[in-house]
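Encoded as structure tokens, the structure appears first; notes follow it.
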Amino acid sequence: MRIYDIILKKRDGDSNTKEEIRTLIEGYVKGEVPDYQISAWLMAVFFNHMTPKECSDLTEVILNSGEKIDLSSIKGIKVDKHSTGGVGDKVTLVLGPIVASLGLTFAKLSGRGLGHTGGTIDKLESIPGFKTTLEKEEFFSIVNNIGIAVAGQTANIAPADKKLYALRDVTATVDEISLIASSIMGKKLAIGSDIIVLDVKTGSGAFMKKLEDARKLAKAMLDIGKRHGRKMSAVVSDMNQPLGNMVGNALEVREAIETLKGEGPKDLLELTVAIAERMAILSGIVDGESARKMIYETITSGQALKKFEEFVEAQGGNPEVVDKPEQILPASQYKFTVESPQKGFIKSIDAQEIGISAMVLGAGREKKGDKIDPAVGIEILKKVGERVEAGEPLAVIYTNDVNRYEYARKRLLEAYSFSMDEVPKLELIHEIF
Ligand code: URA
């Protein structure tokens, strides 16, 4: 079939076959199909969407375009999680040690932060000595020894997605759910884990601003995963304010350690436990009744914290970070308190603005390859529904550059809105599939 006819079919609302999708995308990756034809097809998909079968077929072509990580030589039940990206999202750092303590295997490849959202690899690299570039054998050996390892995603996974995403970015076709689902799952399925739990975020700091869209995305990704033989679950969680209180790499590691000590913020623990519970149940190691109890016990017994320490040490990091995070982690030179401009209840916090403020301070990247400062960031002292007096501390800015402070402070204050009437606390978990 001619490329023209494949585009025409999609333009007219018909479905493309697997063969047609393969011809199109493989041709594009090889440089045989030009950008303008793929752009036209993407726009046709944007308006006409894709059926679950087309989504699954596109995912397969994307995942087969590059390297696949076969985890079959690793012992145990391999669990993986994917977050669609948020602000202050350090769930992986808490979840990994918990599920490894439960006897599950957490062999994870993670990404770096971009724009207002952070990345696990940047957070881990704020621990002195921590290596996120591991040879395959080293990665496998760490996982087999201690049940957990987290490394940076290799460049060879799903190259078709890289090319397609770059084109979507300049043709206004990024925000189509069927394309997003295939893009995420094409990368996720390249890693051979048995169980995948998705954390689909919704709200001001998320990719999916509307709950309905987040639900659709979750369902589309679950469908793709099941068609590819994986056990899947999805949690739709709120990102209308940062998760936890800390935003910024070393600050988030500190908060993750506090959470593993049982002293962290409630929302971070609640979401982590919900994801761990899905993993434990899907793996069949425990029934629904006892899963939560066992998860909490990994924290109260100190087992999960010990696992985090082993994990840091195994990847070359300084394990003393567990006992002395303030001394071991990089700290900023300056610390400024931002005071509330008025009294009342916190009505909303635009999480994206908080993420951008942290990025302005140097905690994140505006574009790929930008250098980040691990020490800087923001501590949120008041969250939605809490009462404040005028002049009461609202947040703390950690910076190494006083010149960036004023701008970050301005954006941070713009992120807050207030109400004189009482405001209910935000619901964190909207739905579990
Ligand atoms: N994240 C991805 O990996 N792909 C998309 O299309 C959108 C967000």
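Summary of computed values
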{"read-out": "Computed Kirkwood radius, in angstrom, where 1/r is averaged over Cα pairs of the stretch 341-433", "value": "14.4"}
{"read-out": "Once the Cα gyration tensor of the stretch 295-368 is diagonalised, semi-axes √(5λ) in Å", "value": "32, 20, 15"}
{"read-out": "Under 5 Å, built H, 5+ apart or other chain: amide partners of K231", "value": "I196"}
{"read-out": "Kirkwood estimate for the stretch 3-48, i.e. one over the average of 1/r between Cα atoms, Å", "value": "10.3"}
{"read-out": "The stretch 176-229: mean projected area of Cα convex hull, nm²", "value": "3.6"}
{"read-out": "Distance histogram for the stretch 200-296 (every C-alpha pair counted, 10 angstrom bins, percent rounded to whole numbers)", "value": "15, 35, 37, 13, 0"}
{"read-out": "Unit charges at the beta carbon, dipole of the stretch 350-415: most positive-side option, M359, V388, N403", "value": "M359"}
{"read-out": "In degrees, nearest ten, helix 159-170 long axis to first principal axis of the chain (Cα)", "value": "80"}
{"read-out": "Highest average packing first - 275-283, 127-135, Cβ atoms within 10 Å", "value": "275-283, 127-135"}
{"read-out": "Furthest towards positive pole of dipole, V312, I127, H228, structure part the stretch 78-321, Cβ charges", "value": "H228"}
{"read-out": "For the stretch 269-282, Karplus couplings with θ = phi - 60° (6.51, -1.76, 1.60), whole Hz, Gly/Pro x", "value": "5, 4, 5, 4, 5, 4, 5, 4, 4, 4, 5, 5, 5, 4"}
{"read-out": "Calculated from backbone phi, Karplus (6.51, -1.76, 1.60) coupling profile of the stretch 384-397 in Hz, x at Gly/Pro", "value": "4, x, 7, 8, 9, 9, 4, x, 6, x, 9, 7, 10, 9"}
{"read-out": "Cα gyration tensor, the stretch 88-151 - rounded (a/c under 1.5), prolate or oblate", "value": "oblate"}
{"read-out": "Where N is the number of residues in the chain, Cα Rg divided by 2.2 N^0.38 Å", "value": "0.99"}
{"read-out": "Lys, Arg +1 and Asp, Glu -1 on Cβ, resulting dipole of the chain about Cα centre, debye, nearest 20", "value": "580"}
{"read-out": "Leading residue at positive end of dipole, the chain (Cβ point charges), from N48, I429, A107", "value": "N48"}
{"read-out": "Amide proton proximity set for K201, modelled H, under 5 Å, gap of 5+", "value": "T84, G85, S237"}
{"read-out": "Rg/Rh (Cα only; Kirkwood hydrodynamic radius) as it applies to the stretch 78-321", "value": "0.94"}
{"read-out": "Calculated from backbone phi, Karplus (6.51, -1.76, 1.60) coupling profile of the stretch 80-85 in Hz, x at Gly/Pro", "value": "9, 9, 9, 9, 6, x"}
{"read-out": "Amide H within-cut-off set for E431, under 5 Å, with H built and near neighbours excluded", "value": "V236"}
{"read-out": "Modelled FRET efficiency - R0 41 Å, F336 with K136, Cβ distances, 0.05 increments", "value": "0.40"}
{"read-out": "Within the chain, helix-based [θ] at 222 nm, where runs of 4 or more DSSP H residues each add -39,500 (n - 2.57), nearest 500", "value": "-14500 deg cm²/dmol"}
{"read-out": "Shape call, the stretch 18-80: gyration tensor on alpha carbons, a/c limit 1.5", "value": "prolate"}
{"read-out": "K75-S419 FRET efficiency (beta carbon distance; Förster radius 56 Å; 0.05 resolution)", "value": "0.55"}
{"read-out": "Residue with peak Gaussian network fluctuation, the chain [Cα springs, cutoff 10 Å], from P34, P97, P374", "value": "P34"}
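Only the coordinates and a few stated rules stand behind these numbers; no lab work does. If you're wondering where the values come from, they're calculated on a predicted model, not measured in any experiment. Here Cβ is always computed from backbone atoms with ideal geometry, including for glycine, and neighbour counts include all displayed protein chains.
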